[in-house]
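Q: Structure provided below as structure tokens; questions to follow.
The values are calculated or read from the model by the stated rules, or taken from the named source; none is laboratory data. These numbers come from a predicted model, not from an experiment. Virtual Cβ from ideal backbone geometry, glycine too; neighbours counted across all protein chains shown. Side chains are part of the model used for accessible areas, which takes the heavy atoms of the whole protein and leaves out ligands, DNA and RNA. Shrake-Rupley method; radii C 1.70, N 1.55, O 1.52, S 1.80 Å.
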Amino acid sequence: MRKELPLNGRSKEALLDEMRAMKSGDTDWQRGRSPLFVFKATEGLYEANRAAFFEFFTENALGGRRAFPSVKRMEDEVVEMALSLFNAPADARGFMTTGGTESIVQAIQTCRDWTRKQRKEPKLRGNIVAAESVHPAFNKGAKLMDLEVRRAPVGPDFRADPAAIEALIDDETIMIVGSAPCFPYGVIDPIEALGALAERRGVWLHVDACVGGYLAPFAKMIGRDIPTFDFTVPGVSSISADLHKFGFAPKPASTVFYRTPDKAAHNDFDFSDWPNGRFLTSTIVGTRPAGGVAAAWATFEFLGVEGYKQIARDLLSFIDTYKQRIQAIDGLEIIGNPHLSIVAYGSEAFDVFRVAEIMQAKGWLPGLVQKPKGIHRMMSMVHAVSVDDYIADVQAAVKTVRAESGGNTKLKATY
Ligand SMILES: Cc1ncc(COP(=O)(O)O)c(C=O)c1O
């Protein structure tokens, strides 16, 4: 039966009681049971984020230009601070958006419109050539704009293969893509080689640093071996980087950057032909929570470079140990050589989806990769609290699967 709007309202307390009861059936992310969707750095940052978000709970970032200069200022400052992190030229520009998908869709639209103008082909349909490992957001953007996406196989190291990408480029190609890192394997693509390819073939290179954008620079600063992925690479035209992932700001918050003002000029939507006046936005959405902007700004100011470096140190050493403990389980192997916080592991010896199924019965929501079959986790300190339990349960599940003959899994890889 369809739920009806209640005739009379209820108290806040009653609602909170009911919501908390509903929540009790959710995946226990606070105990690290969710392989993705949530991120956490420290308790102190969490509190600062909540305070900043609720300080701007009612304001609308859509009104930043006219009504809320405080919100506009914070947005501009977030973008400026981030541009420096990505070694952007002095006249590079960027925008805050509500998420990785929106940043990517904006970049695709900007690239398409800039390319149409450059090539003097206003009707150019265009295609995007990318490694098969890029996020589905590229297909979503392409669907919205009636573009084609061509996915090229990755190399044996699970990184984008520039030769395979080049083989799919033709006259209609407007964009090639590299990830830093890609979601399925957590590896950073060879952006320098892709940049050289983009320059040689006269196409736009977008770097999808939605996952790594706000972790990789600090990982590099603490001496980790991180491939260059930012505007230091001459062929990079745009970068997407999510604040609400490893920037450790609350959702919704992401950023998109363009190397030059002439490229960035195509990002905005500027419309006046309606009964009201000029409608100018830099995002696909109109109304946006100012809380997301305020909390992102507060995150930067709360942590500073040293705070982010400390998070990188803690998180990456936690993940190093995690990888060693997984590798130590007989039959399991890490897929590829993940650079940052996404780790997937598989097995040549047995069906790793069966392991995930047994883990699921113990309350661990499975994150799965289908090619090759793997168990996948996008890890933050939220996973540290339960890592001993996790490893013990993986060990036990592997033992069970090894003892079974032909255990049949019904699991399907789902994002
Ligand atoms: C590499 C990559 N790009 C883009 C996205 C999309 O981000 P969002 O979910 O914020 O739209 C994700 C999400 O996990 C991702 O892993």
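Q: Just to be sure I understand the filter: pairs with C-beta atoms under 7 Å, separated by 6 or more residues or on different chains, first member in region 86-105 and under 21 Å from Ile176 (Cα atoms), second member within 16 Å of the ligand (Cβ to nearest atom) and charged (D, E, K, R). Which pairs pass?
A: Phe86/Asp230; Asn87/Asp230; Gly99/Asp242; Gly100/Asp242; Thr101/Lys140; Ile104/Asp208; Val105/Lys140
Q: Is it true that Gly374 is out of contact with any strand residue (DSSP E or B) (no Cβ under 6 Å at 6 or more places or on another chain) and either charged (D, E, K, R) or in contact (Cβ under 8 Å) with a residue 12 or more places away in the chain (or both)?
A: no
Q: Okay, moving on. Can you work out which of the residues in region 233-278 that are under 21 Å from the mean Cα position of the chain (by Cα) and open to solvent by 30 Å² or more (accessible area, probe 1.4 Å) is farthest from the ligand (Cβ to nearest atom)?
A: Filtering first and then ranking leaves Arg259.
Q: Would you confirm, using the coordinates I've provided, whether Arg65 is in contact (Cβ under 8 Å) with a residue 60 or more places away in the chain, open to solvent by 60 Å² or more (accessible area, probe 1.4 Å), outside any helix (DSSP H, G or I) and at negative phi?
A: Judged against the criteria, Arg65 is a match.
Q: Also: Name the strands (runs of 3 or more DSSP E) wholly inside region 93-206 in which the number of residues that are within 16 Å of the ligand (Cβ to nearest atom) and touching a strand residue (DSSP E or B) at 6+ places or on another chain (Cβ under 6 Å) is 3 or more.
A: It comes to 93-97, 127-131, 173-179.
Q: Here is a further query. Which condition from (1) closer than 12 Å to Ile239 by Cα; (2) surrounded by 24 or more Cβ atoms within 10 Å (Cβ to Cβ) is the one that Ala92 breaks?
A: Condition (2) is where Ala92 drops out.
Q: Answer yes or no: is there a residue in region 282-295 that is at pLDDT 95 or above, in contact with a His (Cβ under 9 Å, 6 or more places away or on another chain) and within 17 Å of Gly212 (Cβ to Cβ).
A: Checked region 282-295: no residue is at pLDDT 95 or above, in contact with a His (Cβ under 9 Å, 6 or more places away or on another chain) and within 17 Å of Gly212 (Cβ to Cβ).
Q: While we're looking at this one, here's another question. Tell me which residues, restricted to region 207-232, are in a helix (DSSP H, G or I), in contact (Cβ under 8 Å) with a residue 60 or more places away in the chain and surrounded by fewer than 22 Cβ atoms within 10 Å (Cβ to Cβ).
A: Met221
Condition check ((1) over 26 Å from Thr260 (Cα atoms); (2) surrounded by fewer than 22 Cβ atoms within 10 Å (Cβ to Cβ); (3) assigned by TED's automatic domain parsing to the domain that holds Leu315; (4) not aliphatic (A, V, I, L, M)) across all residues:
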position	(1), (2), (3), (4)
Arg119	no, yes, no, yes
Asn127	no, yes, no, yes
Ala137	no, yes, no, no
Lys140	no, yes, no, yes
Asp161	yes, yes, no, yes
Ala167	yes, yes, no, no
Ile176	no, no, no, no
Tyr185	yes, no, no, yes
Glu199	no, yes, no, yes
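Q: Does region 397-415 hold any residues that are surrounded by 15 or more Cβ atoms within 10 Å (Cβ to Cβ) and under 21 Å from Leu36 (Cβ atoms), and which are they?
A: Residues satisfying the conditions are Ala397, Thr409, Leu411, Ala413.
Q: Answer with yes or no whether Val394 is buried (at least 17 other Cβ atoms within 10 Å of the Cβ) and either free of Cβ contacts under 8 Å to residues at least 60 places away in the same chain or not assigned by TED's automatic domain parsing to the domain that holds Tyr185 (or both).
A: yes
Q: If you take the residues of region 301-334 that are hydrophobic (A, V, I, L, M, F, W, C) and out of contact with any helix residue (DSSP H, G or I) (no Cβ under 8 Å at 6 or more places or on another chain), which of them is surrounded by the most Cβ atoms within 10 Å (Cβ to Cβ)?
A: Among those residues, the one meeting the criterion is Ile319.
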